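Enquirer: Sharing a structure here in structure tokens format.
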Amino acid sequence: MGDRLTQLQDAVDELAQQFVACIHYVHRHHNLETLDPNDEIRVLPKDAEQEVDSHPAEVFKAAQIELAQDLITKEQQIEYLISILPGLDNSERDQERNIKELEDELKMAEAQHQQAIQEKKDIMSNLDEVIRSTRRP
Amino acid sequence: MANPNESQEIQDLDQITSTWPRPPPFYKYFTADNLARLADLKRERAETSNPPPPHPPTTMPTTLTGLPPNLRNLQPPPPPDEGAWRIFGDPYRLVQPLPKLEEGGEIRPVVANGGLLADGERDDKHFDRATVLKRIAKSLLLNFLELVGILGQNAMDAADKVKDIRDLLYNFHHLINEYRPHQARESLIATMQAQLDRLRAETAAIRDSKEKVERMLEGLGSLKIDQEEAVAAASTAGTNNKSGGGRGMGELEEEMWGMLVEPAV
């Protein structure tokens with residue numbers, strides 16, 4: 001999991017891989033047709049590498065549908081990722097102003113923090129004194 | 001990728017270089033003594049040179065000149081002037097502009113001007129970019145559909161369509177990479193906001209515990225008077241009432257310490 005831009009880039013790469021996978025599946029598992037009554041399908045010996053590993057028609061169809069659905073899903077994922085990209089409604093100038101404001105606020109908050117710590121230290125020593133003095137009645 | 005020449009080259013490289021380069025010879029100067037002497041010298045110089053620099057934070061750490069040779073290497077060298085340097089033989093630059101899409105050669109840009117954000121358009125919102133990206137995503141699907149159709153008709157004509165898809169993909173990646181600085185700034189804003197919230201929460205917690213202790217102290221003040229009265233009463237009565245009073249104090253003290261060790265969130 002990276003930031004959203006990286007996720008988006010990965011998603012696009014995956015889409016491209018799915019393209020290849022789809023074509024590869026169709027290329028590898030389609031069935032063979034004879035175009036002419038005189039054609040005949042050459043039968044390769046069993047142990048030789050088969051050019052086409054035909055799947056039964058219904059399996060092939062189902063796989064095609066699944067691959068197509070996966071493509072659509074991935075594309076929708078991509079669109080979703082695009083729509084949640086950070087800061088789509090901020091311009092660069094907005095961002096700069098925002099950062100400056102935050103910087104000032106941070107400085108102020110830091111000063112307050114230090115002050116609070118100092119006050120706490122004071123009150124602690126105060127308390128310490130009181131306790132010490134009450135111990136010896 | 002499996003290039004027979006490549007492995008040969010790697011072997012050759014191995015022979016002329018060790019795993020790690022040897023440290024530069026001046027590393028021996030970095031002794032505690034030398035560092036202390038350098039710090040002393042720096043202090044002396046700072047005291048002798050009267051006019052302080054007008055904006056100390058903006059100037060680089062002062063570099064002393066005319067040091068003895070064994071201290072000269074203890075100071076970092078000045079930053080590279082022209083923003084380029086070499087490490088282990090590889091050139092680096094401070095400014096790394098994103099290569100233009102057109103420079104890659106035959107990639108056709110989908111969006112004119114390589115997207116957005118020319119200098120005059122800094123105020124542009126990025127709605128456009130999202131729309132363009134979505135459009136490219138849809139085009140990818142459509143082009144793939146066309147590609148499959150063409151492959152079914154005549155596979156020889158598919159090369160152009162493949163090129164179209166490739167260009168779309170390159171364009172997509174390019175647009176995303178152009179968006180990266182924007183996302184980086186956005187992350188910075190988010191981090192700063194989180195830091196601010198945390199700091200404020202911490203301050204509030206400290207203030208809270210401080211007020212608690214203050215209240216306790218006030219309570220203790222009123223109780224102390226009671227205690228003194230009790231002790232006075234006990235002493236006048238001649239009976240030792242101290243144990244009862246002592247226990248009261250002990251309980252109170254325990255309570256106090258309990259509040260103190262309570263972590264300030």
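Throughout, read-outs are computed from the coordinates displayed, never taken from laboratory work. Just so we're clear, the structure is a prediction, and the values are computed from it rather than from any experiment. We place every Cβ from the backbone using ideal geometry, glycine too, and count neighbours over all the protein chains shown.
Enquirer: Hey, can you grab everything whose amide H is under 5 Å from the amide H of residue B:67? Only 5+ residues off in sequence or another chain; H modelled, so Pro and N-termini drop out.
Expert: For residue B:67, no residues qualify.
Enquirer: From the phi of every residue in segment A:23-39, what ³J(HN,Hα) in whole Hz does the Karplus formula 6.51 cos²θ - 1.76 cosθ + 1.60 yield, where θ is phi - 60° and glycine or proline is x?
Expert: Each residue's phi maps through the Karplus curve to give 4, 4, 4, 4, 5, 8, 10, 6, 9, 9, 10, 9, 8, 9, x, 7, 5 Hz.
Enquirer: Mean separation of Cα pairs under 8 Å and 6+ residues apart, divided by the residue count of segment A:1-121: what relative contact order is that in percent?
Expert: For segment A:1-121, the relative contact order is 33 percent.
Enquirer: DSSP loop trypsin sites (Lys or Arg not before Pro) in segment A:81-137 with at most 16 other Cβ atoms within 10 Å of their Cβ, which ones?
Expert: Filter output for segment A:81-137: empty list.
Enquirer: Right, something else. Quick one: if the Förster radius is 45 Å, what FRET efficiency do residue A:41 and residue B:131 give, using the C-beta to C-beta distance and rounding to 0.05?
Expert: 0.35
Enquirer: Can you put B:174, A:113 in order, fewest other beta carbons within 10 Å first?
Expert: Least crowded to most crowded, the residues run A:113, B:174.
Enquirer: What is the mean number of Cβ atoms from other protein chains located within 10 Å of the Cβ atom of each residue in peptide B:189-202, rounded to a whole number?
Expert: The shielding value for this peptide is 4.
Enquirer: Can you classify segment A:79-137 as rounded, prolate or oblate using the Cα gyration tensor, where a ≥ b ≥ c are the square roots of its eigenvalues, rounded means a/c under 1.5, and otherwise it's prolate if a/b beats b/c and oblate if not?
Expert: oblate
Enquirer: Something else: What does the structure give for A:77-90 when I average, per residue, the other chain Cβ atoms found within 10 Å of the residue Cβ?
Expert: 6
Enquirer: What list of ³J(HN,Hα) couplings, whole Hz, do you get for segment B:74-84 from phi and the Karplus terms 6.51, -1.76, 1.60, once you set θ to phi - 60° and write x for glycine and proline?
Expert: Values, residue by residue: 6, 8, x, x, x, x, x, 5, 8, x, 9 Hz.
Enquirer: When the helices in chain A are scored as -39500 (n - 2.57) per DSSP H run of 4 or longer and the sum is shared across all residues, what 222 nm value do you end up with, to the nearest 500 deg cm²/dmol?
Expert: When only DSSP H runs of four or more count, the value is -25500 deg cm²/dmol.
Enquirer: Using the beta-carbon distance between residue A:62 and residue B:208 and R0 = 56 Å, what value does 1/(1 + (r/R0)^6) give for FRET efficiency, to the nearest 0.05?
Expert: 0.30
Enquirer: Cut-off is 10 Å between beta-carbons; in what order do B:85, B:20 appear when sorted fewest neighbours first?
Expert: Starting with the residue having the fewest Cβ neighbours, the order is B:20, B:85.
Enquirer: Could you work out, residue by residue across B:160-171, how many beta carbons of other chains sit within 10 Å of that residue's beta carbon, and then give the average as an integer?
Expert: Across the residues of B:160-171, the mean count of other-chain Cβ atoms within 10 Å is 1.
Enquirer: Over 19 Å between Cα atoms: which of B:138/B:161; B:138/B:163; A:61/B:163 fall into that group?
Expert: Flagged as over cut-off: A:61/B:163.
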